[in-house]
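Undergrad: Submitted below is the structure of interest, expressed as structure tokens.
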Amino acid sequence: MPREKLCKTAVNKTGIPGYEYCINPYTGCLHACRYCYASFMCRFSGHREKWGDFLDVKINLPEILMKQLNRRNPPKGKVLLGSVTDVYQPDEAQYKITRSILEILAEYRLMEVHILTKSSLVQRDISLLHRLPGSKVGFTITTMDQNITRIIEPGASPPDLRLAAAQKLIKEGIQVWVFIAPLLPGLSDTEKALTKLLENIHHAGIREILVDNLNPYPVVIHNLKITYRRYFPWAMSSLDEYLQHPMIYQDKIKDRFYRISGQIGCRPYFV
């Protein structure tokens, strides 16, 4: 069960390139992605559960957001919804905190709203996104193989539903992009996996594609090694190769990526 709590601030400064601010309506994330970089938040959460097993709902965040926007010098600029959580948690369907945030931001029109999610629930808020000039929605997708996604991101919407939601947003005139991240050695970066993923993205009508390699944070690698050994032992050698010779491995995958994308007719960019 999610835990309700109060927050002191809604809009916070962020160091994420391209954004001035971020809003995180939840602490924790029930998508439980095995590769999540935000797991460091555990030590600030007051929870003993592992990352992915808890969710705190900031029930007063809309009220605090309005107070911040009503200040003499309110925050203005580009804001990312969801820097250390996904703003479309399964429980968002009930709490509607993110929806309230969008309603307030649409009323004040001080900020350009960008969202990054792994949930198809975002399509619920199309009418609000229409009221936010410059709004943009990114969908993180690692692979189309649900035998893999069921293990590595068990609480997220299946990748085909994310792409279906992306298609719907595009048809409604909302700007959409895809973030292929992280590239998981031996799982999502193979010839077959990349071909299927890029074909599906291109077919969905998405033309902006950003890609990122696996960041070898110690806690991430620790969690991934456990997951690989248990569920994907056949891919363990690829993970080891990446960790031992990261630059050589990345160059090999980039060459593969650009060759396949060129054949399909899309243009991904590595960040």
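Where a number appears in this text, it was derived from the coordinates with a stated rule and is not lab data. Just so we're clear, the structure is a prediction, and the values are computed from it rather than from any experiment. Glycine gets a Cβ as well: all are built from the backbone with ideal geometry, and neighbour counts include every protein chain shown.
Undergrad: Cut-off is 10 Å between beta-carbons; in what order do 217, 21 appear when sorted fewest neighbours first? All intermediate terms of the calculation are to be shown ahead of the outcome.
TA: Numbers: 217 15, 21 20.
In increasing order of surrounding Cβ atoms, one gets 217, 21.
Undergrad: May I pose another question? Along the charge dipole of the range 1-155, Cβ charges K/R +1 and D/E -1, which of 30, 77, 119 sits furthest on the positive end?
TA: So the residue furthest toward the plus end is 77.
Undergrad: With everything on Cα atoms, drop me the angle between helix 97-108 and the longest principal axis of the chain, reported from 0 to 90° to the nearest 10.
TA: Roughly 60 degrees between the two axes.
Undergrad: For each pair in 5/76; 136/196; 8/225; 50/76; 50/252; 58/225, compute the distance between the two Cα atoms and list the pairs where it is over 31 Å.
TA: Numbers: 5/76 26 Å; 136/196 25 Å; 8/225 37 Å; 50/76 35 Å; 50/252 34 Å; 58/225 33 Å.
Where the Cα-Cα span goes over 31 Å, the pairs concerned are 8/225; 50/76; 50/252; 58/225.
Undergrad: Taking the Cα centre of the range 1-134 as origin, work out the dipole magnitude from +1 charges on Lys and Arg Cβ and -1 charges on Asp and Glu Cβ, in debye rounded to 20.
TA: Values: 20 positive and 13 negative charges, 75 e Å.
So the magnitude is around 360 debye.
Undergrad: Further question: When the dipole is taken about the Cα centre of the chain, and only Lys, Arg (+1) and Asp, Glu (-1) are charged at their Cβ, what size is it in debye, to the nearest 20?
TA: 500
Undergrad: If you restrict to DSSP beta bridges whose two residues both lie in the range 1-134, what percentage is antiparallel, to the nearest 5?
TA: Details: 6 of 17 bridges.
Close to 35 percent.
Undergrad: Given a cut-off of under 8 Å on Cα pairs at least six residues apart, what relative contact order in percent is computed for the range 1-134?
TA: Details: 215 pairs, mean separation 38.2, N = 134.
Across the range 1-134, relative contact order equals 29 percent.
Undergrad: Follow-up. What percent do you get for the relative contact order of the chain when only Cα pairs under 8 Å and 6+ apart count? Please report the intermediate quantities before stating the final value.
TA: Details: 455 pairs, mean separation 44.8, N = 271.
The normalised contact order for the chain reaches 17 percent.
Undergrad: In addition: In deg cm²/dmol, rounded to 500, what helix-only [θ] at 222 nm does the chain give when every DSSP H run of at least 4 residues adds -39500 (n - 2.57) and the total is split over its residues?
TA: Numbers: 11 runs with 108 residues, N = 271.
Using -39500 (n - 2.57) per qualifying helix, the result is -11500 deg cm²/dmol.
Undergrad: Which percentage, to the nearest 5, of the DSSP beta bridges contained in the chain is antiparallel?
TA: Numbers: 6 of 33 bridges.
Here the antiparallel bridges make up roughly 20 percent for the chain.
Undergrad: Turning to a different aspect of this structure: Compute the helix-to-body angle for 159-171: its Cα long axis versus the longest principal axis of the chain, expressed 0 to 90° and rounded to tens.
TA: Between helix and principal axis, roughly 50 degrees.
Undergrad: List the trypsin sites (Lys or Arg not before Pro) within the range 146-230 that fall in a DSSP loop (any state other than H, G, I, E or B) and whose Cβ has at most 11 other Cβ atoms within 10 Å. The partial results should precede the final answer.
TA: Details: sites: 150, 162, 168, 171, 192, 196, 207, 225, 229, 230; in loops: 207.
Sites meeting the loop and neighbour criteria: none at all.
Undergrad: Now for a separate question. Treating the angle as unsigned and between 0 and 90°, give the value, to the nearest 10°, between the Cα long axis of helix 191-203 and the longest Cα principal axis of the chain.
TA: The two axes meet at around 40 degrees.
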